1. Go over the candidates B:50, B:56, B:38 one by one and state the one that is closer than 30 Å to residue B:176 by Cα, touching a residue at least 24 places away in the same chain (Cβ under 8 Å) and touching a helix residue (DSSP H, G or I) at 6+ places or on another chain (Cβ under 8 Å).
2. Take the range B:192-208 and flag every residue that is surrounded by 14 or more Cβ atoms within 10 Å (Cβ to Cβ) and under 15 Å from residue B:53 (Cα atoms).
3. Filter the range B:122-173 down to residues that are over 19 Å from the mean Cα position of the chain (by Cα) and not in a helix (DSSP H, G or I) and give me whichever is surrounded by the most Cβ atoms within 10 Å (Cβ to Cβ).
4. Within the range B:90-103, can you find the residues that are within 14 Å of chain A (Cβ to nearest Cβ) and either part of a helix (DSSP H, G or I) or at pLDDT 85 or above (or both)?
5. Looking at residue A:21, is it at pLDDT below 95, surrounded by 16 or more Cβ atoms within 10 Å (Cβ to Cβ) and either touching a helix residue (DSSP H, G or I) at 6+ places or on another chain (Cβ under 9 Å) or more than 10 Å from every other protein chain (Cβ to nearest Cβ) (or both)?
6. Quickly run through the range B:123-157 and pick out the residues that are free of Cβ contacts under 8 Å to residues at least 24 places away in the same chain and within 11 Å of chain A (Cβ to nearest Cβ).
7. Please note which helices (runs of 4 or more DSSP H) are completely contained in the range B:1-83 and include at least 3 residues that are surrounded by 12 or more Cβ atoms within 10 Å (Cβ to Cβ).
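The values are calculated or read from the model by the stated rules, or taken from the named source; none is laboratory data. Please read these numbers as outputs of a predicted model, since none were measured by experiment. A quick note on method: Cβ atoms are made from the backbone with ideal geometry, for glycine too, and the neighbour counts reach across all protein chains shown.
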């Protein structure tokens, strides 16, 4: 249990750092989507299914879609 | 000079935080309200999901505020997008792949049903109006991705949103006149716990919140998708 949670947290950290480092904003958005997805799995392990559901549907789906649409209307690469 | 002032200010803030946080025994329960909710939520509100009994039972007025915040945010986004010159339609977008179109035709009703299940069973199982509404909005997002030319009726979405917001407030006002004479008092019979028609006004309010959040977020996605081609 503690191993699974630690692996999840480490993967979240790696994805968060990747989201910061990427110059390609689309890749950065996908990495931040991964953070939300892993966070929702983590909430499920921490016995908070309500929060997991909100995080998966809002954080992973809707926010990612809004960012991708915004990138499509603006620029894809960071300057 | 500026650096020295900044460092002194930082030290003052750091010492202040350390002093104020130092006296708190971390990990020890400081209030008894949490235990009270866990022990008596089912008898007080009739909801078997304790989170829901807090969100729509004990703290229903706060939830009305939350719904208002979401409404104002969606309204602000709509105003900004309208000022930016939307309304150009979505011409020139290439059609989506076959897998996405067929998958959407199969999944769309199932996702809608799942969202409706989540918000109508909020008092029994994990989830509730906000989660169910977000799931419904993601179903509409899938529709937009699979067939870019399609639009939801903005009038109908706005009508659904306003009506469900109105239901929330009217249920609250009815609690003022009937029942315990409090705003959002639970004036309907609590019924048998663990059945669908139990917990009084909680399923009614959660259905209203689910429809409101769903139509609101679908409207946000609709406004952003406008003219993205």
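1. Only one candidate qualifies: B:56.
2. B:193, B:198, B:199, B:200, B:201, B:202, B:203, B:204, B:205, B:206, B:207
3. Filtering the range B:122-173 for residues that are over 19 Å from the mean Cα position of the chain (by Cα) and not in a helix (DSSP H, G or I), the one surrounded by the most Cβ atoms within 10 Å (Cβ to Cβ) comes out as B:148.
4. Scanning the range B:90-103 gives a single hit, B:100.
5. no
6. Once the filter is applied, which keeps residues that are free of Cβ contacts under 8 Å to residues at least 24 places away in the same chain and within 11 Å of chain A (Cβ to nearest Cβ), the range B:123-157 yields B:127, B:131.
7. Qualifying helices (runs of 4 or more DSSP H): B:33-45, B:60-83.
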